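Asks: To start, I am sharing the structure in question, which I have written as structure tokens.
Readers should treat all values here as calculations from the given coordinates under stated rules, not as data from a laboratory. The model shown is predicted, which means the values in this text are computed figures rather than measured ones. Because the Cβ atoms are built from the backbone with ideal geometry, glycine has one as well, and the counts that use them run over all protein chains shown.
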Number of protein chains: 2
Amino acid sequence: MFTKTVRSVVFAFIICPLVAFTQDTAAQRALKHPRFQAVQEFIAKDHDRLVRETIQITEIEAPPFKEAKRAKAYAEMLRQSGLPDVDIDAEGNVIGIRRGTGSGPLIAIAAHLDTVFPEGTNVKVRREGTKLYAPGVGDNSRALAVLLIMIRALDAAKIQTASDILFIGNVGEEGPGDLRGMKYLFQRGSYKDRIKMFISLDPFGPGNHITNAGVGSKRFRVTFKGPGGHSFGSFGQVSPAYALGNAITKLSRMPVPTRPRTTFNVGVIGGGTSVNSIPFESWMDVDIRSETKEELDKAVDTFTRLMNEAVVEENRIRSTGQGRIEVEVKLIGDRPFGQTAIGSPIVLTAAAVIDSFGMSPIYGLSSTDSNIPMNMGIPAITLESGGTGGRNHTLDEWIDMEKASSVRGINVATGALLALAGIQ
Amino acid sequence: MFTKTVRSVVFAFIICPLVAFTQDTAAQRALKHPRFQAVQEFIAKDHDRLVRETIQITEIEAPPFKEAKRAKAYAEMLRQSGLPDVDIDAEGNVIGIRRGTGSGPLIAIAAHLDTVFPEGTNVKVRREGTKLYAPGVGDNSRALAVLLIMIRALDAAKIQTASDILFIGNVGEEGPGDLRGMKYLFQRGSYKDRIKMFISLDPFGPGNHITNAGVGSKRFRVTFKGPGGHSFGSFGQVSPAYALGNAITKLSRMPVPTRPRTTFNVGVIGGGTSVNSIPFESWMDVDIRSETKEELDKAVDTFTRLMNEAVVEENRIRSTGQGRIEVEVKLIGDRPFGQTAIGSPIVLTAAAVIDSFGMSPIYGLSSTDSNIPMNMGIPAITLESGGTGGRNHTLDEWIDMEKASSVRGINVATGALLALAGIQ
């Protein structure tokens, strides 16, 4: 995930003073509960294990659609952290419920299992002082480990909640996964229609960001096809590689507005059989996002036009004697827009908890697992898992597990969860 | 392989009348030998098996560097065709010798095992009448099958040659293989310094083309590297994908002379981890060829400059706040120039045989296995394996096994081999 921040604190507390007051009270009740003190003490004491588990999770590869190995290990880690009845659903999500008294609404809290990195990526963690370096370590291994320490802390402090809490390690948050884990959970799985509130922990960060709106995105596989041929013998014939190169260049210069923030990306490219053959196919995967549906649609229209222009130009510049270039633009991802109002109880509760920890809540929009419930009208937010870090989605990804900042972030997330779930 | 044709028949016979006369005699002696009649009769009779074996070979995948499975099967086919002592050398070439009286120079005849197609390509042969459709069927399965029928025909006709003949199914002719099979054979293997003449059969064709010159080529892996990042969060930062797109576009417009024929090709592209990440690496494999060293060097210089321009432009257009784009241009293939003089005995003999079959020899230059011996000053030519066909290096590759044309091509190649090896 990535959050675009909007400083709307003032807005929230001016528009919704009464609701804010109520949520503030709920938050204070949870945070001042003597057992929450015990929760925090446990988290501080158990922090070394969190570090070890973050490393352990990171070092099990979890490319999109290949989360099974990490899922199996994570299910076992949930069990060892005290969660009874952990299952893996038909889509591959790891799910376990911690029963409350049943007098509150069912709350789900999730961290995604998948990373953006393909099979074979070196996921060995390098440790330098309190810093951990590895692809995926902060997005989202740390959050997965945070769910584990939360469960242990709740048990250690003998916390009984009003709500049942569903702990989830889900598949398909990144890229091609297209939120398949969430789509299954909310639209087809056994908890469909039963989850009343949703928190996603994603990724690291101090704990004061609340993602309450989901950026819409469309993803495309663009495939240029042509007759192919021998590099020397068919020189001068059209090539899908040149059409693709031209298409990338055109896309890279596509004008998009800064506000509403609208972006594009060429993520993966491929195609061709050998250095001495004109490819018969060259392709790229493109991500287009915007804060508004209108700008997203506009960007997609322009993008589609540019792809066709690249084809026309290639067929004009070189010979089509052995065949023409054609293009297929296929939708491979469609993440819905969604929003949880800043004045809604879930957002106000999280904001009140953040306030109590001496930070100022920062609202933002992003594309996360929360997009799905948000789009369905189910109150949902994405919170940070604590600590600091950077360079996620790159091989240089890192997080700092420095204890004070790490623990505070976990306390914020756990406090928000308990304020919503109600401590009995 | 691909041959550029040069009609130099007149040249050959004006410049070298005496040598031509001698070779013509050698050719006539072989072709008029009663046992060569038996050879041709056998080839016509055994043609159905040739078709079956062409299919059988084609349907065993043989991507560059992954020829081992086909090599093993081919070694067994050579044995079953009557060649004793078939071995696979350390590079993966299948080699078997057919002993002569030892009174002639050692002659090697080879067909390459490898195709340009990657693992997983559908290599099932589709048959329509006398036509066979499949990737690699004509380049070079047919030639491999022709070596088998040759051996059987020589045995059936009880042909005893003066020369020992080395039959070879070799690795590494295509693209990335970079002629590794031939480099090993001529520079390191146990037949190093012992092969005095070389014929490559590659690919299909009526039999009247003689490739007597090797086009030089250089191949490069061009890798653009950058900091990577999140598609939404780091939007506006430099991207190796955009640098690559720009580089492809620039290369596609690079001016090259028609004469001497000079070509370039973007063969394979790749890079990137997921649709929603800015890649940290995007790459392409480029092939540059020319008929002259001077033009090849010139094209390589321009190409290198264009790659650097693409980097400079990307670093100028977008933000380098998280890091800059860099490029690595790595030489991955270097095929030497080479030539066997049109007036040399091996070329004149082949030309005389072609004449005898009522065709006119057409000389040409190409990049084939013969480049290696040519470059070392060992007389070498590349001949066709007979039949007709088209679209090699594409998924639509096909050959026509129509008997008359197919048999004639085999007879030409076998006749040339026997004229050089001398029938006792």
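Asks: Starting from a label point 7 Å past Cα on the Cβ side, list the distances from B:G82 to the same position in the other copies, nm, shortest first.
Replies: Those label-point separations list as 8.4 nm.
Asks: Report, in degrees rounded to the nearest 10, the 0 to 90 angle that the Cα long axis of helix A:47-58 makes with the longest principal axis of chain A.
Replies: Once rounded, one gets 20 degrees.
Asks: Which percent of Cα pairs goes in each bin when the distances of chain B are cut into 20 angstrom slices starting at zero?
Replies: Going out from 0 Å in 20 Å bins, chain B shows 26, 51, 19, 4, 0 percent.
Asks: Loop-only GluC sites (Glu not before Pro) in region A:330-424, please: DSSP not H, G, I, E or B, and at most 15 other Cβ atoms within 10 Å.
Replies: On the way: sites: A:E384, A:E397, A:E402; in loops: A:E384, A:E397, A:E402.
Those that pass, being in a loop and sparsely packed, are A:E402.
Asks: Count neighbours as other Cβ atoms within 10 Å of each site's Cβ, and list the chymotrypsin sites (Phe, Trp or Tyr not before Pro) in region B:51-156 that are DSSP loop with at most 15 such neighbours. Please list the in-between numbers first.
Replies: Values: sites: B:F65, B:Y74, B:Y133; in loops: B:F65.
In loop regions of region B:51-156 (DSSP not H, G, I, E or B), the sparsely surrounded chymotrypsin sites (Phe, Trp or Tyr not before Pro) are B:F65.
Asks: Under a straight-distance cross-link criterion of Cα-Cα below 17 Å, which aspartates and glutamates are reachable from A:K45, leaving out those fewer than 8 residues away in the same chain?
Replies: Within the straight-line cut-off, A:K45 pairs with A:E53, A:D155, A:E402.
Asks: Hey, got a sec? Which trypsin sites (Lys or Arg not before Pro) in region B:62-146 land in a DSSP loop and have at most 11 other Cβ atoms within 10 Å? Intermediate values should be presented prior to the final figure.
Replies: Details: sites: B:K66, B:K69, B:R70, B:K72, B:R79, B:R98, B:R99, B:K124, B:R126, B:R127, B:K131, B:R142; in loops: B:K66, B:R99, B:K124.
The qualifying sites are B:K124.
Asks: Moving on. Can you list the distances in nanometres, one decimal and ascending, from the B:D155 label point to the identical position in each other copy, with the point 7 Å along Cα to Cβ?
Replies: Going from nearest to farthest copy, the values are 7.3 nm.
Asks: Additional query: Which value, in debye to the nearest 20, gives the size of the charge dipole of region A:139-229 about its Cα centre, when Lys and Arg are +1 and Asp and Glu are -1 at the Cβ? Could you put the intermediate results ahead of the total?
Replies: Numbers: 13 positive and 8 negative charges, 76 e Å.
Magnitude of the dipole: close to 360 debye.
Asks: Using a label position 7 Å from Cα in the Cα→Cβ direction, what is the ascending list of nm distances from B:P260 to the same site in the other copies?
Replies: The projected label point of B:P260 is separated from its counterparts by 6.0 nm.
Asks: To the nearest 0.05, what FRET efficiency results for A:R188 and A:T130 with a Förster distance of 35 Å applied to their C-beta separation?
Replies: Numbers: r = 41 Å, r/R0 = 1.18.
For R0 = 35 Å, the calculated efficiency reads 0.25.
Asks: Which of the lysines could a cross-linker span from A:K250 if the Cα-Cα distance has to be under 19 Å and same-chain partners fewer than 8 positions apart are dropped?
Replies: By straight Cα distance, A:K250 reaches A:K218, A:K225, A:K298, A:K330, B:K250.
Asks: Can I ask one more? Could you tell me how many degrees, from 0 to 90 and to the nearest 10, lie between the Cα long axis of helix B:293-317 and the main elongation axis, the longest principal axis, of the Cα atoms of chain B?
Replies: 20
Asks: Using the alpha-carbon atoms, what tilt in degrees (0 to 90, nearest 10) does helix A:403-421 show relative to the longest principal axis of chain A?
Replies: Compared with the principal axis, the helix lies near 80 degrees.
Asks: Just going by the charge dipole of chain A, with Lys and Arg at +1 and Asp and Glu at -1 on Cβ, which of A:S319, A:G92, A:L50 is farthest out on the positive end?
Replies: Value computed over the given set: A:L50.
Asks: Among B:L395, B:N371, B:P361, which residue has its Cα furthest toward the positive end of the charge dipole of region B:313-424, with +1 on Lys/Arg Cβ and -1 on Asp/Glu Cβ?
Replies: Highest projection toward the positive end goes to B:N371.
Asks: Continuing with this model, one more query. What size of dipole, in debye to the nearest 20, comes out for region A:29-187 about its Cα centre when the only charges are +1 on Lys and Arg C-beta atoms and -1 on Asp and Glu C-beta atoms? The partial results should precede the final answer.
Replies: Working: 22 positive and 21 negative charges, 132 e Å.
Roughly 640 debye for region A:29-187.
Asks: Related question: Which one, B:L383, B:L417, B:S406, projects farthest toward the positive side of the charge dipole computed for region B:348-423 from Cβ point charges (K/R +1, D/E -1)?
Replies: The one lying farthest along the dipole's positive direction is B:L417.
Asks: Where the centre of each part is set by its Cα atoms, how far does region B:324-362 sit from region B:223-301, in angstrom?
Replies: Region B:324-362 and region B:223-301 have Cα centres separated by 28 Å.
Asks: Magnitude of the Cβ-charge dipole of region A:106-180, K/R +1 and D/E -1, about the Cα centre, nearest 20 debye?
Replies: Working: 8 positive and 9 negative charges, 90 e Å.
For this selection, approximately 440 debye.
Asks: How much space per residue, in cubic angstrom, does the convex hull of the C-alpha atoms of the protein assembly as shown take up? It would help to have the intermediate numbers written out before the result.
Replies: Working: hull volume 140.3 nm³, N = 848.
In the protein assembly as shown, the Cα hull volume divided by residue count equals 166 Å³.
Asks: Another question, if that's okay. Specify the inter-centroid distance of region B:143-178 and region A:61-89, based on alpha-carbon positions, in whole Å.
Replies: One Cα centre to the other: 57 Å.
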